[in-house]
Amino acid sequence: MPNSPELAELKVTPSALTADEIDAAAERIAHIIDATPLQLSERLSALTGARVYLKREDLQVVRSYKLRGAYNLITQLSGTERAAGVVTASAGNHAQGVAFACRTMEIQGRIYVPANTPKQKRDRIMVHGGDFVQLIPTGETYDAAAAAAAADVERTGATMVPPFDDARTAAGQGTIAAEILEQLGQTPDSVVVPVGGGGCIAGIATYLRERAPRTAIVGVEPVGAASMTAALVAGGPVTLPDVEPFVDGAAVRRVGDLPYAVVSDLGASVVSHASLPLVAGTRAGRLPGKGSANFVMTQVDEGAICTAMLELYQNEGIIAEPAGALSVTALGQLDLEPGSIVVCLISGGNNDVSRYGEILERSLVHLGLKHYFLVDFPQEPGALRGFLDEVLGPDDDITLFEYVKRNNRETGAALVGIELGSADALPALLDRMSNSRIQVEQLEPGSPAYRYLT
């Protein structure tokens, strides 16, 4: 039961979303949406022992699945509603879907996005919408943009096009599941779905529960924005005090009431990977495999997401945005039986190339290959050379060196970034540092000092 006044009433019911409505949505959007490929990944199949398929929504015309929901909603508007125009808030992908629909149906739209929305996404919004949309960056989070959009609707009488908290949006997004079943020609054992506001997993889970009830459903959130997990633990949607904005497509502080009602009604439980911090009330464990009827939510670390993004690019040539790689990242947490059929939704590919420096950095830290230290060098000839010769290993490399203080005549403190040849070389490096007469302090990820680096 809800445990706070904020959760006292949910004004939606799961009955607002059905498999029949999702089939109807598929018919409505068929002339706009081309079925995206369902591709067998030889690499991921070899790594897991399962048959892993990738549902390539990154190849959608707007490079994400969001067009499905936006178009399904807008195409059902009355003439009066279309004349009043539409308004939406989005982290970027839903905005592109709305923009595309506005231009295609010649409807005026105003789109509110967080100010930190990647430039690539903002540029694409305007390409898809042209003269039919106005882009309005506001606030630092999706929730701030949503508040501004709601105020716009109240002020102008325009129609809101929610990115996830509407049965019409979720039904359009749920058409992905109908395509998967048709393309696969058989029932998958597991379908792995990224989760932000919850509309996509609400639609997909609804369809699978009615049309393929033996399929296990796995919802995946980033650790820094696990709003569906928080809702399931609390007994209803709650507003997270803050979110990590890196996975911008899933950085939602509060899931929608409708998605929560659907996910909760279908019996979703929370399972956290043992290597990750547990959310209060959750249990550690492995996720279900072949033949399970379970529906679970789990979380993955942002660094692991970056590693998955790079591997998808380097091996399959897939440019996935952070949210788009959530499902593949979670594969390591699945107990998969050999030969079981697993479908991972690659939800979007709107990634700004300028972000790859940060993506590589986060991946190296996650893999244990990148470490930072504060080093106090004695101000004497040969101090730096001694550090290089006596402390660094043969495969270690300095990637950052910056003096912190320049006016101290006794010691020279420096911030030093070291990339290791292998993660298991760290203990030996730390031993050499402790045996050196140079004072060294390791900066731990998550510490106040470390946050200045990222």
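Computed values, structure above
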| quantity | calculated |
| --- | --- |
| One residue from T229, T187 being among the polar types (S, T, N, Q) and in contact with a helix residue (DSSP H, G or I) (Cβ under 8 Å, 6 or more places away or on another chain) | T187 |
| L17 vs. criteria at pLDDT below 95 and aliphatic (A, V, I, L, M) | yes |
| Criterion violated by Y53 - all others in (1) buried (at least 16 other Cβ atoms within 10 Å of the Cβ); (2) under 15 Å from G174 (Cβ atoms) satisfied | (2) |
| When residues of the range 326-344 are limited to those that are of a type in the set (S, T, N, Q) and part of a helix (DSSP H, G or I), the one farthest from L54 (Cα to Cα) | Q333 |
| Residue ranges of helices (runs of 4 or more DSSP H) in the range 82-162 with at least 3 members over 15 Å from K66 (Cβ atoms) | 119-129, 142-156 |
| Tabulated pairs, the range 85-103, first at positive phi, second modelled with pLDDT of 95 or more and part of a loop (DSSP other than H, G, I, E, B), C-beta under 8 angstrom, 6+ apart or interchain | G85/I107; G85/Q108; G85/A158 |
| Qualifying positions in the range 395-414 - at pLDDT 80 or above and closer than 14 Å to Q439 by Cβ | A413, A414 |
| Residue list for the range 40-55, filter: in contact (Cβ under 8 Å) with a residue 12 or more places away in the chain, within 15 Å of E337 (Cβ to Cβ) and of a type outside the set (A, V, I, L, M, F, W, C) | T48, G49, R51 |
| Restricting the range 66-81 to residues that are assigned to a loop (DSSP other than H, G, I, E, B) and either of a type in the set (G, A, S) or in contact with a Lys or Arg (Cβ under 7 Å, 6 or more places away or on another chain) (or both), the residue that is surrounded by the fewest Cβ atoms within 10 Å (Cβ to Cβ) | S78 |
| Which listed residue, of D301, D352, is modelled with pLDDT under 95, surrounded by fewer than 24 Cβ atoms within 10 Å (Cβ to Cβ), within 17 Å of V218 (Cα to Cα) and assigned by TED's automatic domain parsing to the domain that holds V192 | D301 |
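Let's see how each residue does on (1) in contact with a Leu (Cβ under 7 Å, 6 or more places away or on another chain); (2) within 23 Å of L240 (Cα to Cα); (3) assigned by TED's automatic domain parsing to the domain that holds A320:
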position	(1), (2), (3)
N72	no, no, no
V86	no, no, no
F100	yes, no, no
M126	yes, no, no
I136	no, no, no
E140	no, yes, no
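The values are calculated or read from the model by the stated rules, or taken from the named source; none is laboratory data. Just so it is clear, the structure is predicted and the values come from calculations on it, not from any experiment. Ideal geometry is used to build each Cβ from the backbone, glycine not excepted, and the neighbour counts take in all protein chains shown.
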